[in-house]
1. Hey, among Glu84, Glu71, which residue is assigned to a helix (DSSP H, G or I) and surrounded by 20 or more Cβ atoms within 10 Å (Cβ to Cβ)?
2. Restricting attention to segment 87-108, which residues are polar (S, T, N, Q) and either in a helix (DSSP H, G or I) or in contact with a Leu (Cβ under 7 Å, 6 or more places away or on another chain) (or both)?
3. Of the residues that make up segment 30-47, is at least one out of contact with any His (no Cβ under 8 Å at 6 or more places or on another chain), in a loop (DSSP other than H, G, I, E, B), under 18 Å from Pro142 (Cβ atoms) and among the small types (Gly, Ala, Ser)?
4. Just give me the residues in segment 109-120 being over 13 Å from the mean Cα position of the chain (by Cα) and outside any strand (DSSP E or B), in sequence order.
5. For segment 161-175, how many residues are closer than 17 Å to Cys118 by Cβ and either without any contact (Cβ under 8 Å) to a residue 12 or more places away in the chain or hydrophobic (A, V, I, L, M, F, W, C) (or both)?
6. Output the qualifying pairs, or none if there are none: Cβ atoms under 8 angstrom, residues six or more apart or on different chains, first residue in segment 93-110 and open to solvent by less than 90 Å² (accessible area, probe 1.4 Å), second residue of a type outside the set (A, V, I, L, M) and part of a loop (DSSP other than H, G, I, E, B).
7. Restricting to segment 161-174, what's the tally of residues that are in a helix (DSSP H, G or I) and either open to solvent by 30 Å² or more (accessible area, probe 1.4 Å) or aliphatic (A, V, I, L, M) (or both)?
8. Any idea which of (1) more than 28 Å from Gln172 (Cβ to Cβ); (2) assigned to a helix (DSSP H, G or I); (3) without any contact (Cβ under 8 Å) to a residue 24 or more places away in the chain is the one Leu79 doesn't satisfy?
Amino acid sequence: MKDMNLDFDGIIFDVDGTLWDSTPVVKDAWNQALRDFGINDVTITADQLKGLFGLPMDDIIAQIIPNEPEERRFEFRPLCFEYEHKYLEEKPGILYEELEKTLEILASRYPLFIVSNCQAGYIELFLKKTGFGKFFKDHLCPGDTNLLKADNIKLISKRNGLNKPIYVGDTQMDANACKEAGVPIIFAGYGFGSIEEPYATIKKPMDLTIFLYKTP
């Protein structure tokens with residue numbers, strides 16, 4: 001890990017693969033949604049979702065049911081989201097090691113934010129089920145703004161007066177968005193993907209607290 005210093009003025013997090021793993025629950029939700037939608041020849045696995053999370057939701061759905069016409073995929077979206085939220089209300093995702101303690105330490109020194117390529121309501125659900133709303137100042141997703149991750153990183157930075165934020169994510173798609181937004185990325189190496197040339201790599205969330213012990 002490179003030496004870091006305290007001149008970052010905010011930390012922005014991805015959700016899936018960075019804060020929690022919801023894929024075991026979401027695959028059950030989406031498979032039920034597929035059956036109820038009349039699609040019986042497609043079955044989704046948690047590992048498949050891990051390879052897709054980070055993409056915009058429309059792109060994920062297009063890869064899951066590529067043989068369906070666009071209008072049918074559009075019709076499937078709300079059912080998919082409804083089932084996902086229902087299942088996660090009953091059985092939340094799996095939090096990563098010492099996440100709450102990590103966020104508590106970081107929030108004592110930095111404002112924390114979330115930007116994810118998810119549907120409206122998903123981040124709110126994560127905050128509700130974990131009780132972590134107390135740690136985060138703001139959050140954005142395409143469902144809120146109709147913007148993708150790079151523009152949402154820019155927007156959340158602008159509206160919160162951030163001049164030098166850093167992003168924590170787990171896929172190359174996160175890294176590409178950060179490059180476009182001009183924000184360095186820390187790779188959550190315990191997550192779903194890989195990143196070329198991240199600013200730093202962490203093996204668990206608590207590694208982020210190294211920020212607190214470096215000097216400018």
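The values are calculated or read from the model by the stated rules, or taken from the named source; none is laboratory data. On a predicted model such as this, the values are computed, not experimentally measured, just so you know. When we count neighbours, we look across all protein chains shown, and the Cβ atoms used for this are built from the backbone with ideal geometry, even at glycine. When the accessible area is computed, the model is the full protein with side chains, heavy atoms only, and any ligands, DNA or RNA have been set aside. Shrake-Rupley method; radii C 1.70, N 1.55, O 1.52, S 1.80 Å.
1. Glu84
2. Matches in segment 87-108: Thr102 only.
3. No - not one qualifying residue is present in segment 30-47.
4. Within segment 109-120, Arg109, Tyr110, Pro111 qualify.
5. 2
6. Pairs that qualify, where the first residue is open to solvent by less than 90 Å² (accessible area, probe 1.4 Å) and the partner is of a type outside the set (A, V, I, L, M) and part of a loop (DSSP other than H, G, I, E, B), are Gly93/Ser22; Tyr96/Thr18; Tyr96/Tyr190; Tyr96/Lys204; Glu98/Lys204; Tyr110/Phe8; Tyr110/Asp9.
7. 2
8. The one condition Leu79 does not meet is (3).
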